[in-house]
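The values are calculated or read from the model by the stated rules, or taken from the named source; none is laboratory data. Model, not experiment: these values are computed from the prediction. Cβ atoms come from the backbone with ideal geometry, glycine included; neighbour counts cover every protein chain shown.
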Amino acid sequence: MTTATGERPSVRARLLEAADELFYREGVQSVGIDRIIEHAGVAKASLYKHFGSKEELVHAYLLERHARTRRRIDAAVAEHREPRAQMLAVFESQSATMRRPGFRGCAFAGASAEAPSGGLVEQATRDYRDWVRGLFTRLATEGGARDPNALAAQLHLLYDGAAASGNLDHDRAAADTAAVAAAALWDAATP
């Protein structure tokens, strides 16, 4: 692992990169700490120094996923001026992600399915889902929807369903299909 400048990333960055790759591809519970350490090329003490526990590492992995997803979607939304086009850009961004090799659905859904309730994983998942819902609510409000919260809930459901279908059904066009339904919902809910 090297950075764009040819330098080796920090220990923390290497641990997060290894966690991101292994947790997303194989699942949080099936990947042990020893595999993360070996993949990152660090000492066991380094993991505990930077994260304290596996749960904290999973939490940090999800926070990084959230930040990366937010940057990607914010950039896609910023390319458009109208709320309807911005909403559709969310699905276009999702579609591009789903077409990449190694797509395995929503990292938050996968991690949450394996985590006990009430912990850091649930918190990270809730924060991510609140952000997605908030984005759709903001766009629906700006678009003049009669009931922005209801429209946002419908759009969020389509977004989640597309990710699930893309993974479980290996349907890389699921986000495109969801975008068609989202456009119809939007048009019916806005003036």
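For the range 20-40, the set of residues classified as of a type in the set (A, V, I, L, M) and assigned to a helix (DSSP H, G or I) consists of Leu22, Ile33, Ile36, Ile37, Ala40, listed by residue number. Where helices (runs of 4 or more DSSP H) fall wholly inside the range 70-162, the ranges with 1 or more residues that are touching a Lys or Arg at 6+ places or on another chain (Cβ under 8 Å) and β-branched (Val, Ile, Thr) are 83-98. Contact annotation: residue pairs with Cβ atoms under 7 Å, 6 or more positions apart or on different chains, pairing a residue in the range 15-43 that is surrounded by 20 or more Cβ atoms within 10 Å (Cβ to Cβ) with a partner that is aromatic (Phe, Trp, Tyr) and assigned to a helix (DSSP H, G or I), are Leu16/Tyr61; Ala19/Tyr61; Phe23/Tyr61; Val31/Phe23. Just one of the numbered conditions (1) touching a residue at least 40 places away in the same chain (Cβ under 8 Å); (2) within 24 Å of Asp171 (Cβ to Cβ); (3) assigned to a helix (DSSP H, G or I) is not true of His59: (2). Within this structure, Ser95 fails the test of being surrounded by fewer than 19 Cβ atoms within 10 Å (Cβ to Cβ) and of a type in the set (Ser, Thr, Tyr).
One residue stands out among those in the range 98-109 that are surrounded by 18 or more Cβ atoms within 10 Å (Cβ to Cβ) and either over 19 Å from Arg72 (Cα atoms) or aliphatic (A, V, I, L, M) (or both): the one that is farthest from the chain's Cα centre (by Cα), which is Met98. A single member of Ser10, Ser53, Ser95 is hydroxyl-bearing (Ser, Thr, Tyr) and under 30 Å from Pro191 (Cα atoms), and it is Ser95.
Among the residues of the range 168-178, at least one is under 30 Å from Ala60 (Cβ atoms), of a type outside the set (Asp, Glu) and not in a helix (DSSP H, G or I).
If we scan the range 118-138, do we find a residue that is within 20 Å of Arg25 (Cα to Cα) and either among the aliphatic types (A, V, I, L, M) or outside the structural domain of Pro83 (by TED's automatic domain parsing) (or both)? Within the range 118-138, one or more residues are within 20 Å of Arg25 (Cα to Cα) and either among the aliphatic types (A, V, I, L, M) or outside the structural domain of Pro83 (by TED's automatic domain parsing) (or both).
May I ask you to verify whether Arg81 is among the basic types (Lys, Arg), in the same structural domain as Leu151 (by TED's automatic domain parsing) and closer than 22 Å to Leu158 by Cβ? No, not satisfied. Quick one: would you say Arg72 is under 14 Å from the mean Cα position of the chain (by Cα), surrounded by fewer than 19 Cβ atoms within 10 Å (Cβ to Cβ), among the basic types (Lys, Arg) and assigned by TED's automatic domain parsing to the domain that holds Arg172? Here the answer is yes, as Arg72 does meet what is asked.
Residues are listed down the side, and each one gets a yes or a no for (1) touching a helix residue (DSSP H, G or I) at 6+ places or on another chain (Cβ under 6 Å); (2) more than 23 Å from Ala174 (Cα to Cα); (3) acidic (Asp, Glu):
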{"site": "Glu82", "(1), (2), (3)": "no, yes, yes"}
{"site": "Ala89", "(1), (2), (3)": "yes, no, no"}
{"site": "Leu120", "(1), (2), (3)": "yes, yes, no"}
{"site": "Ala152", "(1), (2), (3)": "yes, no, no"}
